[in-house]
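Here, each number is a calculation from the coordinates, and none is a lab measurement. From a predicted model like this one, the values you see are computed outputs, not experimental measurements. Glycine also receives a Cβ, built like all others from the backbone with ideal geometry; neighbour counts cover every protein chain displayed.
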């Protein structure tokens, strides 16, 4: 889904515009995560009903989230960086600008399992 959405974003970037992709991606991301949160709330209330009635919702929400993020934030940020920075500093400046994102991603991935283990003990 990420590859398909990224390819679609490349074609939509100039047609739909960067602002439209960013706003649309943010709104769709928000709605899909709200739906996912709603599912888990309903699952806490009545587990069997949630599984039987809206058991399809988590997977659908995550697919929509992945598509929305890749149509918006994940693709547009690189295009905007390339347009904003001068060619002389583009490589170094883009690397520095993206470093916090990858560092925080690393921290998230490495701390997720220990937090899950501590939650259940």
For this session: Could I have the simple spin-label model distance between residue 89 and residue 103, label points 7 Å from Cα toward Cβ, reported in nm to one decimal?
Result: 1.9
Problem set entry | Packing-based exposure ordering (other Cβ within 10 Å, fewest first) of 29, 60 | 60, 29
Seminar exercise, completed: The relative contact order of segment 2-84, taking Cα pairs under 8 Å that sit 6 or more residues apart, comes to a percentage of 50
For this session: Whole Å is fine, so just give me how far the alpha carbon centre of segment 82-116 lies from that of segment 1-47.
Result: 21
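Could you line up 51, 19 from fewest to most neighbouring Cβ atoms inside 10 Å? Let's see the in-between values first.
Values: 51 12, 19 9.
The most exposed by this proxy come first: 19, 51.
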For this session: Using a cut-off of under 11 Å, list every residue of segment 41-77 whose amide N is near the label point 7 Å from the Cα of residue 15 along the Cα-to-beta-carbon line.
Result: none
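Counting helices only, and only those DSSP H runs with n ≥ 4, report the 222 nm mean residue ellipticity of the chain as the sum of -39,500 (n - 2.57) divided by its residues, in deg cm²/dmol to the nearest 500. Kindly include the intermediate steps, with their values, before the conclusion.
Working: 6 runs with 108 residues, N = 121.
Estimated from H runs of four or more residues: -30000 deg cm²/dmol.
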Exercise. Relative to the longest principal axis of the chain, what angle (0 to 90°, nearest 10) does the C-alpha long axis of helix 90-119 take?
Worked result: 10
Exercise. By how many degrees, between 0 and 90 and to the nearest 10, does the Cα long axis of helix 73-84 differ from the longest principal axis of the chain?
Worked result: 20
Exercise. Angle, helix 18-45 long axis vs. longest principal axis of the chain, Cα atoms, 0 to 90°, nearest 10?
Worked result: 20
Seminar exercise, completed: Computed on Cα atoms, the radius of gyration and Dmax of segment 2-84 in angstrom are 15.6, 52
